[in-house]
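This report refers to the structure that appears directly beneath it.
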Amino acid sequence: MTERTFVIIKPDAVRAGIVGEILSRYEREGLGLEAIEMRSIDGDFADRHYAAHLERDFYPPLREFMTSGPVVAVVVSGPDAVRRVRTIHGATDPAEAAPGTIRADHATSVRENAVHGSDSPESAEAEIALWFPRG
Ligand code: IDP
Ligand code: MG
């Protein structure tokens, strides 16, 4: 059954000029791209996206980073899309990310780790509703 997940290509990856490089990895795995939009977000919007992390020590600099430049918001679809996208991304900490993953190849720190991917089908649908409220 087709599932949707939500990806953010973060400001570090946009600055590095690897948007196309990242998008091609989902397509190469047979996943579909249902929506794509480049935009800049403000702190209030970052707080809504990362509501689960607001109280974490790492959140204030993460908020600063996520609002430091444009991001690309993407809806990715396909069987088991949530899990497969997180596999393509690799572990949060690039030092622990499997070879050949986006984060192993492109992340520069735990914070500036190139991509976001939803952690469950439920959070994917909530994130898609936040970022693409008109569907
Ligand atoms: P995920 O993006 O792999 O799902 P989460 O634990 O949901 O990881 O954390 C959200 C984001 O917060 C990470 O992608 C990363 O940018 C940042 N982050 C998480 N943990 C740390 C940390 O220990 N130091 C700095 N930034 C962190
Ligand atoms: Mg997460």
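Does Ser24 satisfy the criteria of being away from ligand 2 (no atom under 16 Å from the Cβ), within 22 Å of Arg134 (Cβ to Cβ) and at pLDDT 95 or above? For Ser24, the condition - away from ligand 2 (no atom under 16 Å from the Cβ), within 22 Å of Arg134 (Cβ to Cβ) and at pLDDT 95 or above - is not met.
Residue by residue through the stretch 94-127, note down the ones that are buried (at least 20 other Cβ atoms within 10 Å of the Cβ), under 12 Å from the mean Cα position of the chain (by Cα) and either within 12 Å of ligand 2 (Cβ to nearest atom) or not in a loop (DSSP other than H, G, I, E, B) (or both). Correct list: Ile102, Arg103, Asn113, Val115, His116, Gly117, Ser118, Ala124, Glu127. Taken over the stretch 35-67, the criterion of being under 18 Å from Phe132 (Cα atoms), within 16 Å of ligand 2 (Cβ to nearest atom), among the aliphatic types (A, V, I, L, M) and loosely packed, with under 15 Cβ neighbours inside 10 Å is satisfied by Ala51 alone. Restricting attention to the stretch 20-34, does a residue exist that is hydroxyl-bearing (Ser, Thr, Tyr), out of contact with any Lys or Arg (no Cβ under 8 Å at 6 or more places or on another chain) and surrounded by 13 or more Cβ atoms within 10 Å (Cβ to Cβ)? Looking for residues that are hydroxyl-bearing (Ser, Thr, Tyr), out of contact with any Lys or Arg (no Cβ under 8 Å at 6 or more places or on another chain) and surrounded by 13 or more Cβ atoms within 10 Å (Cβ to Cβ), one finds at least one in the stretch 20-34, hence yes. Among residues of the stretch 27-47 that are free of Cβ contacts under 8 Å to residues at least 24 places away in the same chain, those with a Cβ under 8 angstrom from a residue that is in a strand (DSSP E or B), sequence gap 6+ or separate chain, pair up as Glu27/Leu33.
The values are calculated or read from the model by the stated rules, or taken from the named source; none is laboratory data. Computed from a predicted structure; not experimentally measured. Neighbour counts are summed over all protein chains in view; Cβ atoms, including those assigned to glycine, are modelled from backbone coordinates with ideal geometry.
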